[in-house]
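In what follows, a single structure is set out as structure tokens and then discussed.
The values are calculated or read from the model by the stated rules, or taken from the named source; none is laboratory data. Bear in mind that the values here come from a model prediction, so they are computed numbers and not experimental data. Positions of Cβ are backbone-derived with ideal geometry, glycine not excepted, and every protein chain shown enters the neighbour counts.
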Amino acid sequence: MKINQKFKRLIRLFFTFGITSMLIILYSWTWIGYYNKIIEFPFFRRGNWMMIFLYGVILILFMSIYGGYKVGYLKKGNLIYSQVLAVIFTNLFTYLQIAVLDKHFLNPLQLIKMSIVDFSIIIVWTIVYQWFYRKLFPPRKMLLISGGRSDYHLAEKINSREDKYEICQTINIQYGIDLIQREIMNYDGTIIGDISSHERNLILKYCYENSIRTYSVPKISDILLKSTVELNLFDSPLLLSRNEGLSIEQLFIKRLTDIAGAIVGLIITAPLFLLICLLIKFTDKGPAFFKQARLTKDNKIFYIYKFRTMIQEAEKDGVARLAEDGDNRIIPIGHLLRRMRLDELPQLVNILMGDMSFVGPRPERPELMREIVNDIPEFSYRTKVKAGLTGYAQIYGKYNTTAYDKLKLDLTYIRNYSFLLDLKLILMTPKILFMKESTEGVKISKDNMVKKNHEYDIND
């Protein structure tokens, strides 16, 4: 296994080259053999190469955004889904490109046939290659070092990737550094859970000295330090953390993008607004819209708008509760709206009004924010920027990700903000729309108190 590790990048590169080449070749055959023959002004040698080159650039861009090249990282189903989504957007964009060139919409049947073949190539190539990859790189034998808090959720998440990791032993830090260091040498890697910084540093240095792969759960301070600027004004390095939020230029570009995007979005989705309103009225007879007090930048209270997916007076007992699996408060059409995130569309109005942004932390309810802050004081750091329709935690987290982990994801966004990061997160949002794990309800158990471990949202 250790010998094979040297060739891991080369093997991944071959996977990337193989799938990209096959898809580009198929498009070349479709373009040259069909569309270039029926457009009014056909292209010749250099023009054909240009069209093929543009297709390749667009394909690589969408594959990179959606993770279509992450063989060995994503699960097989997720990897195939990422590639299929990338191909759909690439082919759709390409069809519009051809329509612009010919100044009218051509018959898309040939491109649809090409897409079906694309999907077949993706499925076969990925399944075979994942099998081959796993034979070369079997799951790593891991040692989990736990601390005072339970690391059950961490172990559960890691065990869900049985194709990559196998936790063979869990040892508590209370057994002492000497014993842990001896155990570390028996495994392929070490996972450091929620332990003190001093003990973590000792283990990190020991693993570095002995070339042992280490996975660490970041603390809030780690995320803050990661986004600092290194200063070399003196012979002692300094890390500068400005902590000033977004610059004036960033705020201006972000707001301009929000206004333009909200206006275009409202115009495009106007027919969908009408259809959803009628469906809610027909199934429940109540109001189509739902509003609720939430928090945005600097803890300012505003009213968020959503399509109603639950029965009226879903919290008539005054208790805030997350939607659970099989929750009978959800109206029939509500399941579809929640699954496809269509209930979020009215928030385009919030964005236009300036209460929200397209990208940012999800807005929290004031009363529940106070409860979470009592347990996690740093949770208020999320209001350093405007609340968002989509965001880092929404993309990389799940509906039932713990509040503490969502905080770390949101802080990662806040500390590394850029316009390109916003654009990337917006483009990645369609990927999670059809992923059940990102919208599934919370599974309630005795060991899992919702008010302590989850973000609260009655209509989310």
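The figures follow:
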read-out: Selection from segment 331-353 of residues that are surrounded by fewer than 16 Cβ atoms within 10 Å (Cβ to Cβ) and modelled with pLDDT under 95; value: Pro332, His335, Leu336, Met340
read-out: Leu61 vs. criteria surrounded by fewer than 16 Cβ atoms within 10 Å (Cβ to Cβ), part of a helix (DSSP H, G or I) and at pLDDT 95 or above; value: yes
read-out: Yes/no for Ser160 being at pLDDT 95 or above and closer than 26 Å to Thr16 by Cβ; value: no
read-out: Hits in segment 8-41 - residues which are out of contact with any Lys or Arg (no Cβ under 9 Å at 6 or more places or on another chain), exposed (fewer than 13 other Cβ atoms within 10 Å of the Cβ) and more than 21 Å from Ile60 (Cβ to Cβ); value: Gly33, Lys37, Ile38, Phe41
read-out: Sole exception among (1) part of a loop (DSSP other than H, G, I, E, B); (2) within 29 Å of Gly77 (Cα to Cα); (3) at pLDDT 90 or above for Ser211, by number; value: (2)
read-out: Residue check, Asn328 outside any helix (DSSP H, G or I), within 30 Å of Leu411 (Cα to Cα), modelled with pLDDT under 95 and over 24 Å from the mean Cα position of the chain (by Cα); value: no
read-out: Conditions (1) outside any helix (DSSP H, G or I); (2) surrounded by fewer than 21 Cβ atoms within 10 Å (Cβ to Cβ); (3) at pLDDT 95 or above; number of the one not met by Ile304; value: (2)
read-out: Segment 227-273: number of residues that are closer than 19 Å to Leu420 by Cα, of a type in the set (Gly, Ala, Ser) and touching a residue at least 24 places away in the same chain (Cβ under 8 Å); value: 4
read-out: Which listed residue is more than 25 Å from the chain's Cα centre (by Cα) and in contact (Cβ under 8 Å) with a residue 12 or more places away in the chain, from Ile121, Ile127, Ile112; value: Ile121
read-out: Selected residue (criterion: surrounded by the fewest Cβ atoms within 10 Å (Cβ to Cβ)) from residues of segment 64-86 that are touching a Phe, Trp or Tyr at 6+ places or on another chain (Cβ under 7 Å) and farther than 25 Å from Tyr165 by Cβ; value: Val84
read-out: Hey, Phe53 part of a loop (DSSP other than H, G, I, E, B) and without any contact (Cβ under 8 Å) to a residue 24 or more places away in the chain or not; value: no
read-out: Filter result (among the hydrophobic types (A, V, I, L, M, F, W, C), more than 19 Å from Ser120 (Cβ to Cβ) and without any contact (Cβ under 8 Å) to a residue 60 or more places away in the chain) within segment 56-72; value: Val57, Ile58, Ile60, Leu61
read-out: Qualifying positions in segment 354-383 - surrounded by fewer than 18 Cβ atoms within 10 Å (Cβ to Cβ) and among the basic types (Lys, Arg); value: Arg370
read-out: So Phe44, is it aromatic (Phe, Trp, Tyr), in contact (Cβ under 8 Å) with a residue 60 or more places away in the chain and farther than 20 Å from Met114 by Cα; value: no
read-out: Counted residues, segment 409-418 - those being buried (at least 22 other Cβ atoms within 10 Å of the Cβ) and within 14 Å of the chain's Cα centre (by Cα); value: 2
read-out: Test: residue in segment 104-118 that is small (Gly, Ala, Ser), assigned by TED's automatic domain parsing to the domain that holds Lys8 and over 17 Å from Trp29 (Cβ atoms); value: no
read-out: Lone qualifier among Tyr187, Tyr165, Tyr175, Tyr206 - being farther than 24 Å from Lys70 by Cβ and within 31 Å of the chain's Cα centre (by Cα); value: Tyr187
read-out: Single residue of Lys431, Lys424 found to be part of a helix (DSSP H, G or I), assigned by TED's automatic domain parsing to the domain that holds Asp298 and at pLDDT below 90; value: Lys431
read-out: Some residue of segment 195-204 being at positive phi and of a type outside the set (Phe, Trp, Tyr); value: no
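Residue-wise test of (1) in a loop (DSSP other than H, G, I, E, B); (2) among the charged types (D, E, K, R); (3) in contact with a Gly (Cβ under 6 Å, 6 or more places away or on another chain).
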| position | (1), (2), (3) |
| --- | --- |
| Cys207 | no, no, no |
| Ser221 | no, no, no |
| Leu224 | no, no, no |
| Glu230 | no, yes, no |
| Phe234 | yes, no, no |
| Leu239 | no, no, no |
| Gly245 | yes, no, no |
